1. Identify, from the list D100, D122, the residue that is crowded, with 21+ Cβ neighbours inside 10 Å and in contact with a Pro (Cβ under 8 Å, 6 or more places away or on another chain).
2. Identify, please: which residue in the stretch 49-64 is surrounded by fewer than 21 Cβ atoms within 10 Å (Cβ to Cβ) and touching a residue at least 12 places away in the same chain (Cβ under 8 Å) and is, among those, farthest from D122 (Cα to Cα)?
3. Name, by its number, the condition in (1) surrounded by fewer than 24 Cβ atoms within 10 Å (Cβ to Cβ); (2) in a strand (DSSP E or B); (3) within 26 Å of the chain's Cα centre (by Cα); (4) not basic (K, R) that does not hold for D180.
4. Of all the residues that make up the stretch 245-267, how many are within 19 Å of the chain's Cα centre (by Cα) and under 22 Å from D216 (Cβ atoms)?
5. For the subset of the stretch 30-83 comprising residues that are of a type in the set (D, E, K, R), assigned to a helix (DSSP H, G or I) and out of contact with any helix residue (DSSP H, G or I) (no Cβ under 7 Å at 6 or more places or on another chain), which member is nearest to P272 (Cα to Cα)?
6. Would you mind stating whether S131 is surrounded by fewer than 24 Cβ atoms within 10 Å (Cβ to Cβ), within 22 Å of the chain's Cα centre (by Cα) and either outside any helix (DSSP H, G or I) or of a type in the set (G, A, S) (or both)?
Amino acid sequence: MKQNRGLILCAVMALLFGCLWGCGTDTVSSTQHRVALVAKSTETEFWLSVFAGAEAAATEYNIKLSIIGPETEEDYETQNQMVADAVAAGAEALVFSAIDYENNAAAIDSAAKAGVKIVAIDSNVASEAVSTYIGTNNYAAGQIAAQAALERVEGPLKVGIVNYDISSANGQEREQGAVDAFTQSGRAEIAGVINTLAEASYAQGDTSTLLENFPDINVLLAFNEPTSVGAAKAVEKLGLSEEIFLVGFDSNVVTIDALQEGSVDALIVQNPYAMGYLGVESAYKLLTGQGGNLERTVDTSTQIVDKSNIFTMDSQKALFAFEQQWD
């Protein structure tokens, strides 16, 4: 009997020690992995929200995270150099948003050949090395933007489109989605399309020129935060708030104020915080052997905010997503 008790005690102790050493340790690795987030820029509220989500995930998963990006959303060459520098500094994974779908590809391929895991967020890149893309379904978002105008504006639509860099995949996908939706409606005509720098001042000037060249435009679409800010300022300065239905993208103090005042009529709001968080989380999973569970594409969703729903809880959460200062 005493011998049996001893065997039982040993078995219980073995189970206890096994649980102490094994239970709960498969969630977060004790090894601090190095991840670099290479963004399109570091200036807009959109990207600050991405960074906040990324840093939250880095804290949760014990990641040493670096965040870098060029001064403008057109400088793909600096972005390529930042990728090379991050690899040289020991990054094990990249969370990357491509300025140029084609011209960023070689840098990403080189990083992958060096053994670096690749996660794309916001704007994809032409590389087979990308393990997962996390962001908006941009074609669908363009359709949603067009539908927002089609449902709210009566009669024929003369449409102006304000887009950013022509080589950026997400902007071109949004434009294609919008154009297809307008074409299928049978009552919309694309009057003019411009590609401008992703800076509010340039977008304002180019939008003003577009509206002066095509005075019959009654619907205007702008496809990211800086172009939306610029387009809203152009519409307001030209005194066309009543004549033009403006659909913008993303949440910004200027566009939110313009939505309340009338120079912006609807905003297509993305979820940049989720892009940052899920991007870093996916990098962690790739580095800890959990990459087989990742989906090839993760849609972080969008929603329409206009005057009718701006003060609802869901809209307020989308418009004023958690942000923090980033240096």
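Quick note: the coordinates plus some simple rules give every number you see, no bench work behind them. Keep in mind the model is a prediction, meaning the values are calculated, not measured. Here the Cβ is made from the backbone with ideal geometry for all residues, glycine too, and neighbour counts use every protein chain on show.
1. Numbers: D100 fails: in contact with a Pro (Cβ under 8 Å, 6 or more places away or on another chain).
Testing whether each residue is crowded, with 21+ Cβ neighbours inside 10 Å and in contact with a Pro (Cβ under 8 Å, 6 or more places away or on another chain) leaves just D122.
2. The extreme case among them is N62.
3. (2)
4. Of the residues in that region, 3 qualify.
5. The initial filter retains those residues of the stretch 30-83 that are of a type in the set (D, E, K, R), namely 34, 40, 43, 45, 55, 60, 64, 71, 73-75, 77.
From what is left, the residues that are assigned to a helix (DSSP H, G or I) are 45, 55, 60, 77.
Now drop any that are not out of contact with any helix residue (DSSP H, G or I) (no Cβ under 7 Å at 6 or more places or on another chain), which leaves 55, 60, 77.
Details: E55: 13, E60: 18, E77: 24 Å.
The qualifying residue nearest to P272 (Cα to Cα) is E55.
6. Considered against the rule, which asks whether it is surrounded by fewer than 24 Cβ atoms within 10 Å (Cβ to Cβ), within 22 Å of the chain's Cα centre (by Cα) and either outside any helix (DSSP H, G or I) or of a type in the set (G, A, S) (or both), S131 comes out as yes.
So that you can scan it fast, the table gives a plain yes or no per residue for (1) crowded, with 21+ Cβ neighbours inside 10 Å; (2) under 22 Å from I121 (Cα atoms):
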| site | (1), (2) |
| --- | --- |
| G155 | no, no |
| L197 | no, yes |
| Q204 | yes, no |
| S208 | no, no |
| S228 | yes, yes |
| D250 | yes, yes |
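A quick yes/no check of all residues on (1) under 30 Å from L94 (Cα atoms); (2) of a type in the set (V, I, T):
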residue: E128; (1), (2): yes, no
residue: N137; (1), (2): yes, no
residue: L150; (1), (2): no, no
residue: G155; (1), (2): no, no
residue: V179; (1), (2): no, yes
residue: F182; (1), (2): no, no
residue: A198; (1), (2): yes, no
